[in-house]
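Student: Okay, here's the structure, questions in a sec.
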Amino acid sequence: MFKGFACLKAGAAALAISAAFIASAEAKVRVAFGDIASVESLHLLTALERAKEKGVDIEVTYLKSEDIAAQAVVGGQADIGVGGPYALVQKVKAPVRMFLQLSTLRFYPAVNSEHYKTWKDLNGQEVAVHSRGSGTEAIMKLMEQRQGIKFSKISYIPGSEVRTGALLQGNVKATIVDSAGRRLLETQAPGKFIILPLEGVNATDEALFANQQFLEKNAADVDKIVESILTTWREVTANPAVVAEWRTKYKLLPDLPASQTAEIVPYFTELAKAKAFPVNGGGAAAAKDDFAFYTLSGQLTGEPASLKVEDFWDTRSLDRVLSKVGTM
Amino acid sequence: MMASTQADTRVNGPARAVHSPAGLSLGLGRLFLRYPILSRVVSLGLFFLAWEIAGRVPISYAFPTFFDTAYAFGTMIADGSLISAYGSTLQPLVIGIAISGVVGIVLGIVMGLSRMAEWLVAPLFIVLQSAPMAALIPLITFVYGIGLAAKTLAVIMLALPVIVLNGYKAVRNANPSLVAMCYSFQGTRLQQITKVIIPDASPVIFAGLRLGLAAGFIGVILAELLITPTGIGDLITYHRSVANYAEMYAAVVSIILVSTVTLAALEAFEVRVLRPEKRRG
């Protein structure tokens, strides 16, 4: 009899605790990353810390891929996702909207100079990209179109570091790598590889997105996050070296190995020089660029001109913040 | 036919009491008994109906209806993408299963015959069989890269332990009276193995092969999802990344379909050739 009561009590207590958890989870803004945290996300982590200082309760989770982060947001297990869910919004009419551009695609087509020197040399040759339907594939297809050449085959090697390694070992002769890969090529084999020129590619790599309902209900929190990110981005662009200081100040990625710690400043310096941080948060202009780019990559279907910004973006928060901090 | 059915029900007397004595259920039961295929069709039909309803609710934005999936399946067969995908998925599967089959059966028989070999090899395969392979597959890339060799190895890692352990148990548990009989007829050790032990063990060895193939399907899909996306793995990842969920589900269903049909065909072959006594059951 007493045992029964004890059980009941324990059950009630468990219920009360879980209810409390659910309530606190609702007050929290849950941000889902589509990748593990690395040097490349230090500025974003800093901006989120600053938003916390302004009173937004943020909880960050790291998921295996952008797809899963997007599913988490659509399914309500996360509030804000990091990624570019254009296909999800268009094809299944998911009620999520992007509200801030975080980065644009920064990739470098690299070729082995023993075999190729220019884009024209790649005519009829094989190139390696990340995966089918990826941004890297779209960039290579775009250049194929612009240069009037035709690759014999596009092969898929996921992971920029894997493609960089394959290039260094001579397993591939032409591929596309990220800025870390580019720097590795330059330090490991100076002069052996040529980075082909890439102009006018300005598509979103990562953006923040959330459920429309969340954006309506939590406008104040969203504004604080957007403002933190915009001001942080502007500071990084003005002085990239400050990211290393922020890491110590906010105790971000404390377990980072020394070799990667040394990468922080060069990485952000290079991106700042290339003006890779969208200091005005993207918005409608970014959406228009994305329509052109992602219809080519197959993420979006239809004529770029027929796609509407408001079907993919909710720029209200960005507009409010820009009117406060000004555009650059 | 009718008489034999009645005879069957009489033999299984107690079971009758469980069923309602008359009416629809008995009629259906009799119908299913006579045409076993009917019950499978009804079972699948109900499943598809539930799927269609769940897709229409919808339970998730990423969950297509059954008809959308079936349509996507049709278009993927028509445009050849599904067929060419199987062209590349089956390569590591066939090579891996062939290697696992030969190596597995030989190893299994040797282990079954020799205690020494058993002590040496069995623990490794018992550990491998219970290891979470999905966690080990990414490690293959560190040694074997991302090509066909790595995927074949993934198939072998999943299929080989099952085949080896089945073969070993089958040989170890060969009927001792038959072995004794061979001995009394002055059979040599070689005759004992080739004429008594292996034929007696062959049904279980074959069952091991069938289970190994099922594990091989898991291995090849894991490899294609975790190493590099090719074949069916590529269709699943690509269609997921561009939010073509109907196509993604069609690819997933197709691999289930292919593995089910292959295993059913193997089982039919097994029953027909190796275990005629099972046909009656």
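Student: Mean-square fluctuation check for chain B, GNM, Cα pairs under 10 Å: which of B:Met181, B:Met111, B:Met133 is largest?
Tutor: Comparing B:Met181, B:Met111, B:Met133 in the GNM, the peak value goes to B:Met181.
Student: Given the options A:Lys288, A:Lys217, A:Lys52, which has the most mean-square fluctuation in a GNM of chain A, springs set between C-alpha atoms less than 10 angstrom apart?
Tutor: Among A:Lys288, A:Lys217, A:Lys52, the largest mean-square fluctuation in the Gaussian network model of chain A belongs to A:Lys217.
Student: So, one more: If you put +1 on each Lys and Arg Cβ and -1 on each Asp and Glu Cβ, how big is the dipole of the protein assembly as shown around its Cα centre, in Debye rounded to 20? Write out the running numbers ahead of the final one.
Tutor: Values: 56 positive and 49 negative charges, 412 e Å.
Here the protein assembly as shown has a charge dipole of around 1980 debye.
Student: So which residue, out of B:Gln91, B:Gln129, B:Gln191, gets the largest mean-square fluctuation from a GNM of chain B using Cα contacts under 10 Å as springs?
Tutor: Result: B:Gln191 has the largest fluctuation of those listed.
Student: Give me the distance in nm between label points sitting 7 Å out from Cα along the Cα-to-Cβ direction at A:Lys217 and B:Tyr35, one decimal.
Tutor: In this crude spin-label approximation the distance works out to 5.3 nm.
Student: Counting only other chains, and only Cβ atoms inside 10 Å, what mean value do you get across the residues of B:239-249?
Tutor: Mean inter-chain Cβ contacts per residue within 10 Å come to 5.
Student: Something else now. Calculate the spin-label point distance for B:Thr260 paired with B:Ile126, positioning each point 7 Å from the Cα along the beta-carbon direction, and give it in nanometres.
Tutor: 3.5
Student: Using r as the Cβ-Cβ distance of A:Asp319 and A:Thr61, and R0 as 25 Å, what FRET efficiency do you calculate, to the nearest 0.05? Can you show the working numbers first?
Tutor: Numbers: r = 29 Å, r/R0 = 1.15.
Given R0 = 25 Å and the Cβ-Cβ separation, E is 0.30.
Student: While we're on this one: Just subtract the alpha-carbon distance of B:Thr75 and B:Leu28 from 0.36 nm times their residue separation and send over the number in nm, one decimal. Spell out each step's value before the answer.
Tutor: Working: separation 47, 0.36 × 47 = 16.92 nm, distance 3.65 nm.
Here the segment from B:Thr75 to B:Leu28 would lengthen by 13.3 nm.
Student: How high is the relative contact order of chain B, in percent, with contacts defined as C-alpha pairs under 8 Å that are six or more residues apart?
Tutor: 21
Student: Which pairs in the list A:Lys28/A:Lys308; A:Lys217/A:Lys275; A:Lys120/A:Lys173; A:Lys52/A:Lys251; A:Lys91/A:Lys150 are over 24 Å apart, alpha-carbon to alpha-carbon?
Tutor: From A:Lys28/A:Lys308; A:Lys217/A:Lys275; A:Lys120/A:Lys173; A:Lys52/A:Lys251; A:Lys91/A:Lys150, over 24 Å: A:Lys28/A:Lys308; A:Lys217/A:Lys275; A:Lys91/A:Lys150.
Student: How far, in nm, would the chain grow between A:Ala241 and A:His115 when pulled straight, counting 0.36 nm per residue and subtracting the alpha carbon separation? Before the final figure, lay out each step's value.
Tutor: Working: separation 126, 0.36 × 126 = 45.36 nm, distance 3.72 nm.
Contour length minus Cα-Cα distance gives 41.6 nm.
Student: Specify whether the C-alpha gyration tensor of segment A:108-195 places it in the rounded, prolate or oblate class, a ≥ b ≥ c being the square roots of the eigenvalues: rounded for a/c under 1.5, otherwise prolate if a/b is larger than b/c and oblate if not. Before the final figure, lay out each step's value.
Tutor: Working: a/c = 1.76, a/b = 1.26, b/c = 1.40.
It comes out oblate by the Cα gyration axes.
Student: For a quick check: sort B:Tyr61, B:Tyr71 by the number of other beta carbons within 10 angstrom, fewest at the front. Please report the intermediate quantities before stating the final value.
Tutor: On the way: B:Tyr61 20, B:Tyr71 15.
Lowest count first: B:Tyr71, B:Tyr61.
Student: Okay, next question. What is the mean number of Cβ atoms from other protein chains located within 10 Å of the Cβ atom of each residue in peptide B:225-238, rounded to a whole number?
Tutor: Whole-number average of other-chain Cβ neighbours for B:225-238 is 2.
Student: Let me ask something additional. Given R₀ = 45 Å, FRET efficiency for B:Ala98-B:Ala180 by Cβ-Cβ distance, to 0.05?
Tutor: Working: r = 36 Å, r/R0 = 0.80.
So, using R0 = 45 Å, E works out to roughly 0.80.
Student: Find how much the distance from A:Asp255 to A:Ala189 grows on full extension, using 0.36 nm per residue of separation minus their present alpha carbon separation; answer in nm with one decimal.
Tutor: Details: separation 66, 0.36 × 66 = 23.76 nm, distance 2.93 nm.
In short, 20.8 nm is gained.
Student: Quickly work out the A:Ile154-to-B:Asn173 label distance, labels modelled 7 Å from Cα along the C-beta direction, and quote it in nm with one decimal.
Tutor: Taking the simple label geometry, B:Asn173 and A:Ile154 are separated by 5.4 nm.
Student: Further question: Report the calculated FRET efficiency for B:Ser88 and A:Val265 (r = Cβ-Cβ distance, R0 = 51 Å), to the nearest 0.05.
Tutor: On the way: r = 44 Å, r/R0 = 0.85.
Using R0 = 51 Å, I get an efficiency of 0.70.
Student: Determine the shielding of peptide A:161-168 by partner chains: average, over its residues, the number of Cβ atoms on other chains within 10 angstrom of each Cβ.
Tutor: Details: counts 0, 4, 0, 0, 0, 2, 0, 0.
Per residue, the average neighbour count from other chains is 1.
Here, each number is a calculation from the coordinates, and none is a lab measurement. Source: prediction; values computed, not measured. No Cβ is skipped: glycine too gets one built from the backbone with ideal geometry, and neighbour counts run over all protein chains shown.
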